[in-house]
1. Excluding residues on the same chain fewer than 8 positions from K159, give the lysines whose Cα lies under 24 Å from its Cα.
2. Name the longest site-free stretch of the chain, where the excluded sites are GluC sites (Glu not before Pro) in a DSSP loop with no more than 14 other beta-carbon atoms within 10 Å.
3. What is the sum of charges around K224, taking Lys and Arg as +1, Asp and Glu as -1, for the other residues whose C-beta is under 12 Å from the C-beta of K224?
4. Computing the accessible area with a 1.4 Å probe over protein heavy atoms, can you report the carbon and sulfur percentage for the chain?
5. Answer with one residue from T42, T188, T96: the one whose Cα lies farthest towards the positive end of the charge dipole of the chain, charges on Cβ with Lys, Arg +1 and Asp, Glu -1.
6. If I model a spin label at E118 and L50 as a point 7 Å from the Cα along the Cα→Cβ vector, what separation in nanometres do I get?
7. Just the number, please: percent antiparallel of the DSSP beta bridges in the chain, rounded to the nearest 5.
8. In whole angstrom, how far apart do the alpha carbon centroids of region 57-94 and region 163-220 sit?
Amino acid sequence: MMEVRNIQKRFGKQEVLKGINMEVAKGEVVTLLGPSGSGKTTFLRCLNFLERADEGSIVLGETETIVNKANAKEILAHQRQTAMVFQNFALFQNKTARENIVMPLLLTKNKTKQEAYELADVLLEQVGLSERQDFYPSQLSGGQQQRIGIARALALNPKVILFDEPTSALDPELVGQTLTLLRDIAETGATMVLVTHEMKFAYEVSDKIIFMENGQVVEQGTPKEVFEQTKEERTKAFLTRFT
Ligand code: ADP
């Protein structure tokens, strides 16, 4: 579904991504782990052109996009097939929960208003927030806001959904229900790339774990391989700190 080749990114003199490769099959959940500052969020943002990488290419479905050559039309086409769920939810504060789902559908999917509202209602039901559809983000808990963020991403029916630490801004008691929702989404066969520090969840839900440090992939494999048959000392050191 997605193949990422040699993604490189620098901010000024700092080389933040030093040539990252990744393959994500249809229906797979791939989790990026690694210490803070290792480049995970930047990598995810590059996959959605929220940041433009300096080098590399991204194949999505049948289409390869050379990142440093892509024009606005190609970037838009790519963005329409990926969706991102953010750590801080990134909802429109002056829009209701329902409108937050509807707006991107009208803007990027050429849906009629009726189609967009109908789809939003299905998604609101799926994330258990039908009764809160007319609430504004400020009237919702963090967990509820994140569920709207997730519904908004799902509504776009993207080829790949990118999750950037989706539970790290939540109060501990709200983390569990959001992880349950993510698990349900994974079970529907969605293709997902995830940055998280929830190790138990990563172990249980991922098909593949990629451990990054200092802008490079140090080790990758199945959860069993990375957690239980760890090869690299740097991965071991990280996992002992977190688990
Ligand atoms: P992680 O998600 O693994 O914590 P990040 O991708 O957030 O890592 O950051 C990797 C490095 O890139 C960090 O050193 C960070 O300070 C730097 N960085 C991230 N975004 C920017 C930016 N917009 N401008 C300059 N430096 C940045």
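The values are calculated or read from the model by the stated rules, or taken from the named source; none is laboratory data. Note that the structure is predicted; figures quoted are calculated from it, not measured. Quick reminder, even Gly has a Cβ in these numbers, built from the backbone with ideal geometry, and neighbours come from all protein chains shown. Note: accessible area is taken over every heavy atom of the protein model, side chains too, but ligands, DNA and RNA are not part of it. Shrake-Rupley method; radii C 1.70, N 1.55, O 1.52, S 1.80 Å.
1. Output for K159: K9, K26, K40, K69, K73, K109, K111, K113, K208.
2. Here the longest run is 63-231.
3. So the surrounding residues net to -3.
4. Details: 5300 of 11670 Å².
Its accessible area is 45 percent carbon and sulfur atoms.
5. Sorting the options by dipole projection puts first T42.
6. 3.1
7. Values: 22 of 38 bridges.
Of those bridges, close to 60 percent are antiparallel.
8. For region 57-94 versus region 163-220, the Cα centre distance is 20 Å.
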